[in-house]
Structures are given as C-alpha cells and as structure tokens.
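Chemist: My questions will all concern the structure given below.
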Amino acid sequence: MILARGLRKSFGDFEAVKGIDVDVRRGESFGFLGPNGAGKSSTMRMVAAVSPISGGELHILGMDPADDGPSIRARIGVCPQEDTLDTELTVRDNLYVYGRYFGLPRKEVRARVDELLEFVQLTEKADAMVEDLSGGMKRRLTIARSLINRPDVLLLDEPTTGLDPQARHVVWDRLFRLKQQGVTIVLTTHYMDEAEQLCDRLVVMDKGLIVAEGSPLTLIREHSTREVAELRFGVAPDGDSHEALAEKIADLGHRVEVLPDRLLVYSDDGEEVIARVHERGLEPVAVLVRRSTLEDVFLRLTGRTLVD
Amino acid sequence: MALDQRADDQRAGSTAPTSTIAGAARLFDYWAIAYRRTWKGSAISSFVTPLLYVLAMGVLLGGFIKGDPTRLEGATSYLAFVAPGMVAAQAMTTVFGEVTYPVMGMIKWHKAYFGMTATPLSVPAVVLAHLGFVLFRVGTTCAVFLLVMAPFGVFASVTGVVAAFFVQLLIGLAFATPIYAFSAGLKDESAFSLVFRLGMMPLFLFSGAFFPITNLDPWMAALARATPLWHGVDLTRMLTLDRLDWSMVAVHVAYLAVLALAGWFWAVRRLSRRMIS
C-alpha cells in the first residue's frame, strides 16, 4: 500500500526526515512511534500527498504522489494532527461538504454521513455546531470525516494527542473496530500505550531516522527485559546521587537507567531485584514492578524518554 | 481478488476531478451552506446600504450641487453622476471584505483550506471556488444596488444597466484576485487594517466615484487614472449615462481583465506556497 525507500524531507537547511524505508501492507495497522520532532508528521504529510518529497522514493497505492496527488488523495483518508473542521458549520454539514469534495453524489454522501455519525457515536450531536463540541468529539468527527470516501488507507497523525484519558479510550475503541474491519491504518504517536494497543507493526523514529522496526512484542523482547523495577529515592541530605546509587545496584539487573526522578532496573524478575535492593540496606521511598513497554525500548535505543 | 473487488466497489465515486473547474464545482455545497448561515445579515445590508448612500450622497448632498452636464461628465444631475460611481465602489468594498479576513481564516484560524486540499481538490480549485463565491456576493450586492437606484431615474437605458452589472463582476474580479493573493501570503492580520485605511479608503474617495477626477491636481488626476477603481467607475458611468467612448471601453476592459488574470496567477502561487510545504 505504501512503499518508501530512502525517503527524505528537508525544510531549508533543516532535515526533518533523513532517509527512511517503510513498507505498509494491506490490512495491517502500522505505526510511527517517536517523540515530537522525530519526523513523524513530515513523513505523514508526504504520504498524504500534500507535501512534496525532498529525496528518495515514495509510492502510495502504487502511485507517485508527484504525478498522481489528486488520485492518491481520492483513495486515502486523512486525520490531521490539528483539527481542520469548519467550526461554524454543524457536525452533519462538516461531513456532508467533505464527502462532496470527493465527488460523491449528494444522496450517497447523505447515507454515508448517517452511517458514520452512528459509527463515531455523534448521531445525537448531528445538528450541533462544531465549536460547541468537546475535544474528544471533534477528534471523532475528524475521524468520521476521514472515512467518508471509504479510504483504502487511513492516515492518523497523533489521533489522541491532547485528549483526556476517557476520550482517548473512546477513540481507541473506534479505531480498533476499523482495524477489525480490515482497514489499513497508518498512525503516528508519541504514546507508547497507543502504539501497543493499535499497531500490528511499528517503526521507532528518532531525529528523522528509523531506529527499530517490528511488532510491539518483538521490539520489547529484542530491546528490553521482561520486567522493570522502578525505584524512587527521596532526596537524602547527605545521600548519594542517583548515579552513585545506580552503581551500587548495577549488578542486580541487565541494565540500570538513571532518570531525573527514578532508577529503572531491567531484569526478568523485578520482585527479586527489589528484595536485593533492600538486602543491601538501600531504602527507596517507592518501588514498582511492571512489564517492559515500548517506552523502555525507546529509552534503550535513544537514551531519552518519549514524552519530555 | 474478491477483497480487491470489494475495495473497488467501496470507493466507487471517490475520484480526482477532471479539471480545476470540476474541482471548484465540488466546493459549491460548502459555500452554499456557509452562506446560508450569514445570508440574512448580508442581504439586509446589501439593500440598506445603497438606500442610505443614495439618500445621503445623491439626494441630500446632491441637492447642493448644480447639475451642469459639462462638468459632470454628461450626467444631468449629481445623483445620476454619483450613482454609477457608488455601484462600482460598492463592488470594490464588497471584495475587500470577502478576500481579506475570510481568506486568512481559511488558512490560519479554522484552517478549512487544509481540510479541502487533503482531498482530491487542488489549490487552484480551492481558489477558484472562493473567487466564485466572491463574485456571487459582488453580483447580488450590485444587482440590488442597481435595482434600488433604478426608480430614481438615473439610468439612461436598460441595456446600459445590464452591461453595467456585468462590468461590476469584472471590477470585482480585478480587485479580488490580487487582494486574495496578498491575503494568502500574509502571516497575521495586522496588515489588513492598513489595507482598509490606506488602500480602500483613498481609492473609494479619490477614484472619481464622487467627483470628476478633473477636479484634482493634474498629478493626482493622473494617479487616479492609474487605479483600477477609476477604470471601473468610468466604464460603469459611460454605460449608465449611455455616453460610450468605445476606445475607452476597450482600455477599461483590458486593464481590468489583465489585472484580474495577473492576480489569479499570483493568488494560486501564493496559496500553493502556503499550503504545500
């Protein structure tokens, strides 16, 4: 569906995307995971055929965006990072006019609008003005809008950024249903839980490059341990710095990461790590054992956290 | 194969438009729905504005002005002189209103243009549709203006008035495309108040709409003759007074058409640069 080889994007002297290879297959749900500024949105805009590529190769649905932009855009659905809804029109009218942009007959659009309102649970809000909707509702409306042409590929740029946890879950639920219906989904996110929930396969991006690729599970298996023990130490007046503490427990796990507020000890048995920490007379104010996540993968690969 | 077939059926109808005009036509419903929201206010003002103007400028102020045809470009009264000027000025001010803040809103505030260009629609189609709406606004406003003034007996012939109506559309375009282009490249709206005060107001007052430009100093008159509004006013006046100078008609039409066309290319270029990066 999407094929990129050595894809690059620069804005003046700044290189946002520095040569990436991507293959997205029909029916899969593919993610770009990375922090802000990793080049995810620039990549998405190129794939959406609204931003010319600066180098490399890009084919979307077998077409070249430089020559067939309009034909590509007729067959994809785009949910941009920032809502581009017309806030002074009603929910229904926003969907209706959008359907018309794709050249769909009026009757057909009306039928699809009703169907999509139902799907994103906005039927009751059909005649409300968009400016009166909550952030989560606007997002769902934007998702509905991106489905009006029954796209072959759905592009979602940070679909839940800025939403409260409850609204995020509603959006995830809808996206999960689409995925089950076999819609090919490409999404960017800087939330590792979002990537884990929605992506069959993902690439981890950092500074314009892909640093790892695989399913969430294989990535975690390859780049992290099964469990992580998180240790929080209070600020001891004469106490050791985090670095010094880390050295004292370095042998307890495969690896120790020092974060500003806590230490992460990577091990296959977190409880065991904590027991040994206590044995050594160290007294963390709080401890937590959890499974490794994509966040740990990112930390391992780049030395930084996803959300700063 | 069955899956491909289904996908083909599902996207039946979603296509790239065959031309810029076909693309712009797809935006008709958007503009119609957007207008339905505001039409009452604009309909009332487009009816009341000409009435106020005619009363204040034509009847009341005009009462002090002796209608000497040799000094009023052949008009038999000040009202007959000022009426075509006011129509042309109205075409211009309507355009200023429609392609400044609204264009910036489409780009910067509610970003509706970004929604449009994410679909098969191209930037030229988006510009064309917006200009189509501007022309609709100019057309309705000026038609009402002409109708309101007709009973005052200021028009020499029906043909002249009909021709004058189409001239308003040309004036509208000649202003719309370059101002649109200007707005499309603007980063913030603070320049607009200057455009209105230092662009629109002097044009409005000194382009021969309210007094013959021969009253101005020679250099100011020459300056006035270079403005698009003067070309529009003079052309409109020739038509409503039925005193045609065909060579001047040709000059006016050519001037306005060239401006409209040059502005079109500029507008498409500026908006493309803004939308596609």
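Chemist: What's the magnitude of the charge dipole for region A:225-291 around its Cα centre, counting Lys and Arg as +1 and Asp and Glu as -1 at the beta-carbon? Answer in Debye, nearest 20.
Modeler: With Lys and Arg at +1 and Asp and Glu at -1, about 200 debye.
Chemist: On average, how many beta carbons from a partner chain sit within 10 Å of the beta carbon of a residue in A:148-156?
Modeler: Partner Cβ neighbours, averaged per residue: 3.
Chemist: Can you give the calculated 222 nm mean residue ellipticity of chain A, where each DSSP H run of n ≥ 4 adds -39,500 (n - 2.57) and the sum is split over every residue, rounded to the nearest 500 deg cm²/dmol?
Modeler: It comes out at -11000 deg cm²/dmol, rounded to the nearest 500.
Chemist: Next up: Along the charge dipole of region B:95-246, which of B:F210, B:Y180, B:A164 sits closest to the positive end, that is, farthest toward it, with unit charges on the beta carbon of Lys, Arg, Asp and Glu (+1, +1, -1, -1)?
Modeler: Of B:F210, B:Y180, B:A164, it is B:Y180.
Chemist: Charges at C-beta only: +1 for Lys and Arg, -1 for Asp and Glu. How large is the resulting dipole of chain B about its Cα centre, in Debye rounded to 20?
Modeler: 600
Chemist: Of A:K18/A:K179; A:K9/A:K179; A:K40/B:K111, which pairs sit farther than 27 Å apart, going by alpha carbon to alpha carbon?
Modeler: In this structure, A:K18/A:K179; A:K9/A:K179 lie more than 27 Å apart at Cα.
Chemist: If you restrict to DSSP beta bridges whose two residues both lie in chain A, what percentage is antiparallel, to the nearest 5?
Modeler: 65
Chemist: Using only DSSP helix segments of four residues or longer, with each worth -39500 (n - 2.57), what per-residue ellipticity at 222 nm results for chain B after dividing by its residue count and rounding to 500?
Modeler: Estimated from H runs of four or more residues: -22500 deg cm²/dmol.
Chemist: Relative to the first principal axis of the alpha-carbon coordinates of chain B, what is the inclination of helix B:28-53, with its axis defined by its Cα atoms, in degrees from 0 to 90 and to the nearest 10?
Modeler: Long axis of B:28-53 versus the principal axis of chain B: about 10 degrees.
Chemist: Angle check, please: helix A:165-180 long axis (alpha carbons) against the longest principal axis of chain A (alpha carbons), in degrees 0 to 90, nearest 10.
Modeler: Its long axis makes an angle of about 60 degrees.
Chemist: Looking at chain B, identify the longest residue range that excludes and avoids all trypsin sites (Lys or Arg not before Pro) in DSSP loops having at most 10 other Cβ atoms within 10 Å.
Modeler: Free of exposed loop sites, the longest segment is B:67-186.
Chemist: So what's the net charge close to B:A34: Lys and Arg +1, Asp and Glu -1, counting the other residues with Cβ under 10 Å from its Cβ?
Modeler: Net of charged neighbours comes to -2.
Chemist: Can you give me the angle between helix A:270-279 and the longest principal axis of chain A, using Cα atoms only, in degrees from 0 to 90, rounded to the nearest 10?
Modeler: The answer is roughly 30 degrees.
Chemist: Would you mind working out the magnitude of the charge dipole of the protein assembly as shown relative to its Cα centre, with +1 at each Lys and Arg C-beta and -1 at each Asp and Glu C-beta, to the nearest 20 Debye?
Modeler: The dipole magnitude comes to about 2360 debye.
Coordinate-derived values only; no laboratory data. Model, not experiment: these values are computed from the prediction. Every residue, glycine as well, gets a Cβ built from its backbone with ideal geometry; the counts of neighbours run over all protein chains shown.
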